[in-house]
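The block underneath contains the structure these notes are about, expressed in structure tokens.
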Amino acid sequence: MLISRKKILRRIGLFPVPILLSVIAPSQSRTHSLCFTFPGSSLTFALTMVETADVVIIGSGIVGSSVAYHLAQQGCTNVLVLEREAHQGKGSTGKSMGGVRAQFSTPINIQMSKYSIDFFSKFDEVVGHPADYRAHGYLFCATNEKHIAYLQANMERQRALGVTNVEWMAQEDISKIVPQLRVDDILGGTFCPTDGFVDPHSVMMGFMLNAREKGVRLWLDTTVTGIEVENSQIKTVNTSRGSISTKVVVNAAGAWAAQVAAMAGAELPVEPLRRQLVPTEPFDRLPQRFPMVIDMSTGFHFRREGKGILLAWNDPKETPGFKTGFDTSFVEKILTHAASRVPVLAEAGVNPRRAWAGLYEMTPDHHAIIGPAPNVQGLYFVNGFSGHGVMHSPASGRVAADLVLKGHSDLIDATQLGVERFKEGKLLEETAVL
Ligand SMILES: Cc1cc2nc3c(=O)[nH]c(=O)nc-3n(C[C@H](O)[C@H](O)[C@H](O)COP(=O)(O)OP(=O)(O)OC[C@H]3O[C@@H](n4cnc5c(N)ncnc54)[C@H](O)[C@@H]3O)c2cc1C
């Protein structure tokens, strides 16, 4: 009877268990090769271990970080966040003005804000890190009858949806809040005291640190270069550090989201649009504490930032594109609007080198796109915040996590934010965009 060599070795207890010789983990790769050999044999072989994750999030800005936090909160911790930069916050999050407001015109944006502002008010306690939420309010100032009708209709809608503290302000009330404002043409306005500001970087870090404490992994310096799809199902994410096997990808790539979607063969109508902010030098001729004030005649708005004032204005001549350099000619344009509404601001010093620009991620109807990609199973969008990504980050992270894990969310009717709305002609027009 012939007995195989393997059987003989097993009988005498010498089954040739392969011995691990080495682990090859090149610094620029996240795949590990394990090299084995058989005892007493020159035979060696290598196994390449591909990384896997239940969910891969592309982008670690405030939105990707919130998705990671909300997935982990719901017990999904085998999550890998990929970020091409060496640090978080290098995209739009680090450029934001940090404004948060419930004063919107559409029910869905009001609902997203209500949840998010409640969340910011207890962020430090719940997340364990500071959000620096300051409830200094937003004050919209109307200069014609159309503005008044618009603000009053919005106020009714906001109150009906539970934002009960929005108030109508007469011209003299507005003057009391910011006595330096030129109010001769201001007919009234709305004020919501729980609107205000957060520190976007701190919120982003808080979400991510909390998620990482629960097991979520973050790979910095890792650019997503491709997404492999097989039979319309997500299969692999390719990066500058190797491949990750996964069935679920959340696109949180901000202004670059359309490029990431295209890697998986999906269409996403998100366009970058430059936005510029100008801080003044220390300026004490305005109150130490006052709300974000919006001049509806021009769109100029401003708030206090430390010892100075932060000036913002949406230049209607700006055109889409990945332009992140600050255009110094913007200083004169914004100062003209500033001095016209707040004459003392003509005396404020401005150093153009301290001004900056970043990208809004715009959609055709100025509402976010949150939900699954119709043609790629396992691909989810959480994009296109059109200037509201910081303030809506708690709600959008929660809704995206709900959709990934349960297929629906009881926070809002998420189907309204699906990308299909553009093809179906069901656009949601938000006119309260700053
Ligand atoms: C000047 C300015 C003022 C603003 N003011 C406000 C405000 O007052 N209130 C408000 O709510 N919002 C404001 N916004 C908008 C807000 O900043 C954004 O909506 C928000 O930061 C979007 O967050 P995000 O995480 O989606 O995007 P980002 O912060 O841009 O994060 C996306 C990340 O994806 C990464 N990424 C992209 N492609 C890849 C890839 N291929 N591989 C790996 N990583 C990738 C990027 O590096 C980036 O870190 C402002 C924006 C600007 C520019």
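For this structure, a couple of remarks:
- Sorted on the mean count of surrounding Cβ atoms within 10 Å across their residues, most packed first, peptides 87-93, 302-308, 392-398, 280-286 read 392-398, 87-93, 302-308, 280-286.
- Listed by Cβ neighbour count within 10 Å, with the fewest neighbours leading, L80, L310 appear as L310, L80.
- For the range 173-180, Karplus couplings with θ = phi - 60° (6.51, -1.76, 1.60), whole Hz, Gly/Pro x: 5, 5, 4, 5, 5, 10, x, 7
- Where both bridge residues fall in the chain, DSSP classifies roughly 75% of the beta bridges as antiparallel.
- Cα centroid separation, the range 380-413 to the range 61-122 (Å): 8 Å
- Working note: 222 nm ellipticity from helices only, DSSP H runs with n ≥ 4, each -39,500 (n - 2.57), summed and divided by the residues of the chain, gives -8000 deg cm²/dmol to the nearest 500.
- Against the chain, whose longest principal axis is taken from its Cα atoms, helix 145-160 shows a tilt of about 50°.
- Each Lys and Arg contributes +1 and each Asp and Glu -1, all at the Cβ; summed about the Cα centre of the chain, the dipole is approximately 1920 debye.
- Spacing of the modelled spin labels on N165 and D184, each 7 Å from Cα toward Cβ, amounts to 3.5 nm.
- Couplings for the range 238-244, taken from phi via the Karplus curve 6.51 cos²θ - 1.76 cosθ + 1.60 with θ = phi - 60°, read 9, 9, 5, 10, x, 9, 10 Hz in order; Gly and Pro are left as x.
- Whole-Hz ³J(HN,Hα) from phi, Karplus 6.51 cos²θ - 1.76 cosθ + 1.60, for the range 400-416, glycine and proline x: 4, 5, 4, 5, 5, 8, 10, x, 7, 9, 8, 6, 9, 7, 5, 4, 5
- Projecting the Cα positions of A395, T236, G299 onto the charge dipole of the chain (unit charges on Cβ atoms of Lys, Arg, Asp and Glu, taken about the Cα centre) puts T236 furthest along the positive direction.
- Annotation for K423 and I177: the two label points, set 7 Å from Cα along the Cα-Cβ direction, are 4.4 nm apart.
- Extending 7 Å from the Cα toward the beta-carbon at both R134 and E156 defines two label points whose distance is 3.5 nm.
- Values of log10 I(q)/I(0), in the order q = 0.12, 0.21 Å⁻¹, for the range 177-325 under a Debye, Cα-only, solvent-free model: -0.80, -1.37
- Mean Cβ count within 10 Å, highest first, over the residues of peptides 160-170, 209-219: 209-219, 160-170
- Listed residues C192, M112, A258: farthest to the positive end of the dipole of the chain (Cβ charges): A258
- For the range 300-434, relative contact order (Cα pairs under 8 Å, six or more residues apart, normalised by length) works out to 20 percent.
- Legend: translational diffusion of the range 251-379 by Stokes-Einstein, Rh = Kirkwood radius over C-alpha pairs, 37 °C, 0.692 mPa s; D = 197 µm²/s.
- Remark on the chain: hydrodynamic radius 23.7 angstrom, per the Kirkwood mean of 1/r across alpha carbon pairs.
- Dipole check for the range 178-284: with +1 at the C-beta of Lys and Arg, -1 at the C-beta of Asp and Glu, and the Cα centre as origin, the magnitude is about 620 Debye.
None of the figures in this text is laboratory data; all of them are computed from the coordinates on show. As the structure is a prediction and not an experimental result, all values here were calculated from the model. A quick note on method: Cβ atoms are made from the backbone with ideal geometry, for glycine too, and the neighbour counts reach across all protein chains shown.
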